[in-house]
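Student: Below you will find the structure I want to go over with you.
Derivation of every value follows stated rules applied to the coordinates shown; laboratory data play no part. If you're wondering where the values come from, they're calculated on a predicted model, not measured in any experiment. All Cβ positions, glycine included, derive from the backbone under ideal geometry; neighbour counts span all protein chains shown.
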Amino acid sequence: MLLTLGLNHNTAPIEIREKLVFSPEHLSHSLQSLTELSSVEEAAILSTCNRTEIYCDIASHQTEEIIAWLADQHQLNEKSIREYLYSHTDHASIKHMSRVACGLDSMVLGEPQILGQMKTAYQHANDAGTLGKYLGRLFQHTFQVAKKVRTDTAIGSSPVSIAFAGVKLAQQIFGDLENQTALLIGAGETIELSAQHLKEQGIGQLIVANRTLEKAHAIASQGNGYAIEIKDIPEHLAHADIIVSSTASQLPILGKGSVETAILKRKHKPMFMMDLAVPHDIEKEVGTLSDVYLYCVDDLKNIVDDGLQSRREAAEQAEDIIDIQVSHFQTWIRAQSASETIYQLRQQADKTRADLLQKALLSLTNGQSPEQVLERLANDLTNKILHAPSSSLKQAASEGDQALLIAAQQLFNLKK
């Protein structure tokens, strides 16, 4: 039976989620410890800041044993975490994993990072040797579903954060960003996200300005960039094609005069500016300058709202795809039970064949005629193979078990 047990941003506050994070350096030991439980045959663990989920193939429904293990791993009382946990089995578990991989269960609908995190969870489990036939196949299936959803829907194409929306606008203005320079002012979460998105889109160079150089350097070092102090912005402004500003300053950081000077130095090469601060970091009058494209939070919010609606519509299509693919995986699971029975049947038939063939060869060695040996071999083989099913059918007939008789006719393709 497949089982998912976990908690996420919807069921638990951050202070609880933090307590149940599995550190990468201890994950291998935790996985091996988990598979030592009597009910667990295969296991993998996905652990991020927003969710911790345990995926298992278990012999029986032993959720309580796994909850106890989870609490023990983090030295917590079971009662303190139980109310935040959810569990899914079989069909629901398969569907849940697909929804997670596609970003349908994320804080930001359709975000792509979770798929990479799930692939990392798979790799950890694979390296630890805790994956087997069913869970290993389920992960591969899940990755294929996520790829299909990304390919067949617009789940990840529309901007749903202010930072992402701004980067998309910059691409519309400049096209390829590899020859562009971005100046980021501030060092908060919005600036970090902007730096991340710009890096992902191949920005040529990053300049990060902040009152604390250490924080600015930490962001700039993520890409081909360098840090400056805010007071030094005028010296670098003319080099910037893209400016993103998000500080807590109560007064504007960029005025019309300094930008006008930069534009002249740039020989009127366009500048794209995003003022993501409240109150504004960039004077509104800057937007009146030729060759300057200035957007504020309200402008970008409209783009984000449109993007969210687009992703919601794509999510509905994704759910339909997931339902179909879950059905396909369950068909595969059902086929595995037949595979084991077929394997046992063939093993039994092969043993019977080998025994009777050895007996026939011995008869030939003892001088019996080949015709007699072949006749006896054919008869013995037929009788041996049909003995057990014939006995079962006679028993079924005597007990009035018509279902088994009908199944036998279908199984052996018998005509009435």
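Student: Arranged from highest to lowest average of other beta-carbon atoms within 10 Å per residue, in what order do the peptides 299-308, 373-382, 266-275 appear?
Tutor: Going by the mean number of other Cβ atoms within 10 Å, highest first, we get 266-275, 299-308, 373-382.
Student: In debye, nearest 20, what is the charge dipole magnitude of the chain about its Cα centre with +1 on Lys and Arg Cβ and -1 on Asp and Glu Cβ, if you could check?
Tutor: Working: 37 positive and 51 negative charges, 248 e Å.
Approximately 1200 debye in magnitude.
Student: Same structure, new question: Mind listing the phi-derived Karplus ³J(HN,Hα) values for segment 303-312, rounded to whole Hz, using 6.51, -1.76 and 1.60 with θ = phi - 60°, and x for any glycine or proline?
Tutor: 5, 5, 4, 5, x, 4, 4, 4, 5, 5
Student: Follow-up. Grab the Cα-Cα distance for residue 348 and residue 239, subtract it from 0.36 nm times how many residues apart they are, and report the gain in nm with one decimal.
Tutor: Result: 31.4 nm gained on full extension.
Student: With r defined as the distance between the Cβ atoms of residue 302 and residue 178 and R0 fixed at 30 Å, what FRET efficiency is calculated, to the nearest 0.05?
Tutor: About 0.60, to the nearest 0.05.
Student: Given a cut-off of 28 Å, name the pairs among 133/359; 384/415; 79/147; 231/284; 119/301 whose C-alpha atoms lie farther apart than that in the structure shown.
Tutor: Violating the 28 Å Cα-Cα cut-off are 133/359; 79/147; 119/301.
Student: Note down the magnitude of the dipole of segment 162-301 about its Cα centre, charges +1 on Lys and Arg C-beta and -1 on Asp and Glu C-beta and zero elsewhere, to the nearest 20 debye.
Tutor: 180 debye
Student: Of 368, 28, 219, whose Cα points farthest to the positive end of the dipole of the chain (charges on the beta-carbon: +1 Lys, Arg; -1 Asp, Glu; origin at the Cα centre)?
Tutor: 368
Student: Lys/Arg Cβ at +1, Asp/Glu Cβ at -1, dipole of the chain taken about the Cα centre: which of 202, 254, 14 is farthest positive-ward?
Tutor: It is 202.
Student: Taking the Cα centre of segment 272-416 as origin, sum charge times position over the Cβ atoms of Lys and Arg (+1) and Asp and Glu (-1), and report the length of that vector in debye to the nearest 20.
Tutor: On the way: 14 positive and 22 negative charges, 440 e Å.
Charge dipole, segment 272-416, about its Cα centre: 2120 debye, nearest 20.
Student: Let me ask something else. Kindly put 139, 174 in sequence by how many other C-beta atoms sit within 10 Å of each C-beta, fewest to most.
Tutor: So the residues, fewest neighbours to most, are 174, 139.
Student: What number, in nm² with one decimal, is the all-direction average of the projected area of the convex hull of the alpha-carbon atoms of the chain?
Tutor: Mean orientational projected area (the chain, Cα hull): 32.6 nm².
Student: In whole percent, what relative contact order does the chain give with Cα contacts below 8 Å and a gap of six or more residues?
Tutor: Relative contact order comes out at 12 percent.
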